[in-house]
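The numbers here are math on the coordinates, done by the rules we state, and not lab data. Here the structure is a predicted model, which is why all the values come from computation and not from measurement. Every residue, glycine among them, receives a Cβ derived from its backbone with ideal geometry; neighbour counts consider all protein chains shown.
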Amino acid sequence: MSAYVIGFDGGGSKTIAVAANYEGEVIAIARSGPSNYQTIGVEAARESIAACLKGILTRVGPEAECRAAFYALAGADRPADFAVIESFLAPLNPAPRWKIENDALAALALVSEDGTGVVVVCGTGTNCIGIDPQGNRVQIGGRGRVFGDRAGGTEIAIRAYAAAVRSEDGRGRPTILASLFRQHLGLAHLEDLADRLFASPCRFNLATLVPVVFKAAEADDEVAQEILRENGKELGISALAALRRLFPKEVKVKVVLTGGITKHPNTIVEETMRAVVHAEYPSAEIVVPDAEPVLGAILGALRLDGITTVERDFLARLKTSFMLLDRLDHGEKAL
């Protein structure tokens, strides 16, 4: 009987699950909607995770044995959060060994062999978690605007759309964001977005507007560039808050930047964050992973089954097989 493990990466916009065997080959991929229960509710989060699990189990077949599962999920912040997630995840879980963790730690596992360092997430929202060699752990943010978070895709979109409205009504500086948003959304007037935002239930994800902000920034729009720089600055501030509590300034520590915002070819956010961190921690090694964080969750699942060390070629096989299978799943010709 073939054996495999499952890794999950669930966030505010989407959820992805991957099954991999013990030779480092990804054998199944499944996707669904968001799974952060804090923003979409318990039932919707449960449905997203259940859909991914169904997709994985269908693809691998009933004869294969799932030995471990690692669920890296946004919204797993406080002990109370873990209790809520466990309550709806336990009946779904197919593995004898399983663990729930914050989604940030999946990315850290990809680049830090000993699991130490600081990881900063910039996706729909933002989060920052640091772990030192003694196992001390600190989380900075990850709970939304009310609790001080000022970065992430939703924050970028809110600031940019507000700047567009203020530009048109005379309260703000000129910016091409207004015309780009109208074109992108097919709106006659910017205020018409209210029809989508205030619909019940609201299905509009503000973070989907982020590419428009990058487009404006690439056209040398100063307002858009300033918004993205402020986002990078906030990421750097979060990283420093974690670093100061866990690591001396002279140490060479990995700082991982991950999330959907980092996938844009424009590096204004990353460059700004680097400058903020290096001004105080010049030896920090800032890394943007070249693989999907869900593969870090696979490594987490393997550790649950007693495999604490993997060779570089194992991770390379994971990356390659994931890309090939992902292309096939999307109907593209594998190279």
For this session: Pull up all non-local amide H partners of Trp98: gap of 5 or more, or a different chain, and H-to-H distance under 5 Å with H placed in the peptide plane.
Result: Ala69
For this session: In debye, nearest 20, what is the charge dipole magnitude of the chain about its Cα centre with +1 on Lys and Arg Cβ and -1 on Asp and Glu Cβ, if you could check?
Result: 340 debye
Exercise. By its C-alpha gyration tensor, with a ≥ b ≥ c as the square roots of the eigenvalues, how is region 179-218 shaped: rounded for a/c under 1.5, else prolate for a/b larger than b/c, else oblate?
Worked result: oblate
Exercise. Can you tell me the Rg and the Dmax, both Å, for the Cα atoms in region 145-287?
Worked result: 17.1, 55
Seminar exercise, completed: Counting only DSSP loop positions in region 113-192, the trypsin sites (Lys or Arg not before Pro) whose Cβ has at most 11 other Cβ atoms within 10 Å are Arg171
Problem set entry | Two-decimal Rg/Rh across the chain, once Rg and the Kirkwood Rh are taken from alpha-carbon atoms | 0.98
Exercise. Whole-Å semi-axes of region 58-128's equivalent ellipsoid, largest first, each the root of 5 times a Cα gyration tensor eigenvalue?
Worked result: 24, 17, 11
Exercise. Rounded, prolate or oblate: which fits region 204-335 when a ≥ b ≥ c are the square roots of the eigenvalues of the alpha-carbon gyration tensor, with rounded for a/c under 1.5 and prolate only if a/b beats b/c?
Worked result: oblate
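Taking square-rooted eigenvalues a ≥ b ≥ c of the alpha carbon gyration tensor, is region 1-52 rounded, prolate or oblate, where a/c under 1.5 means rounded and, failing that, a/b exceeding b/c means prolate?
Since a/c reaches 1.5 and a/b is larger than b/c, the shape of region 1-52 is classed as prolate.
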Exercise. When Thr258, Thr154 are ordered from fewest to most other Cβ atoms inside 10 Å of their Cβ, what list results?
Worked result: Thr154, Thr258
For this session: Please determine, in degrees from 0 to 90 and to the nearest 10, the orientation of helix 293-304 with respect to the longest principal axis defined by the Cα atoms of the chain, where the helix direction is its Cα long axis.
Result: 30 degrees
For this session: With everything on Cα atoms, drop me the angle between helix 42-60 and the longest principal axis of the chain, reported from 0 to 90° to the nearest 10.
Result: 50 degrees
Exercise. Taking Rh as the Kirkwood radius computed over C-alpha pairs, what is the Stokes-Einstein D of region 128-189 at 37 °C in a medium of viscosity 0.692 mPa s, expressed in µm² per second?
Worked result: 231 µm²/s
For this session: At most 10 other Cβ atoms within 10 Å and a DSSP loop assignment: could you name the trypsin sites (Lys or Arg not before Pro) in region 260-316 that fit?
Result: none
For this session: Could you tell me the distance between the Cα centroids of region 284-313 and region 90-137, to the nearest Å?
Result: 10 Å
Problem set entry | Cβ-placed point charges (K, R +1; D, E -1), dipole of region 72-203 about Cα centre in debye, nearest 20 | 300 debye
